[in-house]
Amino acid sequence: MLSILSSRAGILYSASAAQEGFDLAGKLGDMIFDKAQVLVIALIVLIVGWYLVNMVCKIIGRALEKSKIDTGAAGFINSLAKFGLRLLLFIVVISKLGVDMTSIIALFTSAALAIGLAMQGFLTNLAGGLLLLIMKPFKVGDFIDDGAGHAGTVKAVEMIYTQIITLDNQTIWIPNGTLANSTVTNVSSLPFRILDFKFTVPGTTDIDQLRQVLTDTAKASKNVDLSQEPFVFIDGFDGNKLITVLRIKVLSENYWAAKFEVQEAIKKNLDANGLTLPGSRMTVTIEDKK
C-alpha cells in the first residue's frame, strides 16, 4: 500500500514539476516575443524614420536652392536640420524600446554639461558658423585668405567647417571658429582688383620711354580693364636703380590671367625696346696672402 502511495506521489510531483516547466517556458516565450516585437517595431521606426529624414532634408535643400538665400547659409541650415532631425529620430527610437524618457531626459541634461565642456571646440565652431552666416564676410564662390597660409575658393560653409579649394586643386577644411575669430581677406568681394607690377630699372633709363612701353603693354592685354588708365610711376630708389610700378585694373576673375600675361609681356617689350632690367651683382674680393 505504501509503495502504491509513494508511486502516486512521485507521479504527481513529476506532473507538477513538468507543469511548472511548461509555465516557465511559456512565460519566457511570451517575454521573448514581446521584446522581439518591441525590437522589430523600433527597427521599423528607425528605417522608416531614416528614410523620412533624408527625404525631408532633400526637400529642405531644394527649397533653399529655389530661395534667394546665400548658398553658404543654405548649406549651413541644411546640415543643421539634418543633425536635429536625426537626433529627434534617435530619441523616438529609444522611446519605442521602452526606455523611460524621464531618465533619458535626465541623462541628456546631465551629459550636456559634460559634453559641452569636452566639446568646447565643437561648440566654438558651431557658434562661428552662425556668426559667418549672420555677418556674411564671404560667400560660396569667393576667393579668401585666412591669414594663416590658407587661400582658395569657398566651396561650402558647413555646420562646423568651411571648405575651400586651393589654386593647386586641394581641398582644405577650416574650422568656422578659426575663421570667425581671425582676419579673413575676401579677395573677390569686389568686381575689380588693382594689380601692381613692381620692378627695378637702371637709373639711366629714359622714364618717358619706359612709361610709354609699359602703358602700351597694358593696353594690348585683353585681360586689362581700360576703364581706368594704366598708371606708371617711380616708387623709390635703390642705389643707382629706379623702383618702377605699373598699376592696372582687372576684373576679379581675370586677376591671375592678367598677372601672368602682362608680366611676360613686360619682359618681352622691354627687351624689344632696348630697356633692360638690372641683374644681380656679386662682388668678389681676391686676397693675395703671399
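The values are calculated or read from the model by the stated rules, or taken from the named source; none is laboratory data. Everything numeric in this text was worked out from a predicted model, so none of it was measured. No Cβ is skipped: glycine too gets one built from the backbone with ideal geometry, and neighbour counts run over all protein chains shown.
Only one residue in 224, 232 is free of Cβ contacts under 8 Å to residues at least 40 places away in the same chain, in a strand (DSSP E or B), touching a helix residue (DSSP H, G or I) at 6+ places or on another chain (Cβ under 6 Å) and buried (at least 18 other Cβ atoms within 10 Å of the Cβ), so which one is that? Can you show your working first?
Working: 224 fails: in a strand (DSSP E or B).
The match here is 232.
Right, residue 207: of a type in the set (A, V, I, L, M, F, W, C), surrounded by fewer than 15 Cβ atoms within 10 Å (Cβ to Cβ) and closer than 30 Å to residue 131 by Cβ or not?
no
Residue by residue, here is whether (1) modelled with pLDDT under 90; (2) surrounded by 15 or more Cβ atoms within 10 Å (Cβ to Cβ); (3) within 34 Å of the chain's Cα centre (by Cα) holds:
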position: 239; (1), (2), (3): yes, no, no
position: 258; (1), (2), (3): no, yes, yes
position: 261; (1), (2), (3): no, yes, yes
position: 266; (1), (2), (3): no, yes, no
position: 285; (1), (2), (3): yes, no, no
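So in segment 174-204, with the set limited to residues that are closer than 16 Å to residue 235 by Cα and touching a Ser or Thr at 6+ places or on another chain (Cβ under 9 Å), which one is surrounded by the most Cβ atoms within 10 Å (Cβ to Cβ)?
Here the residue is 201.
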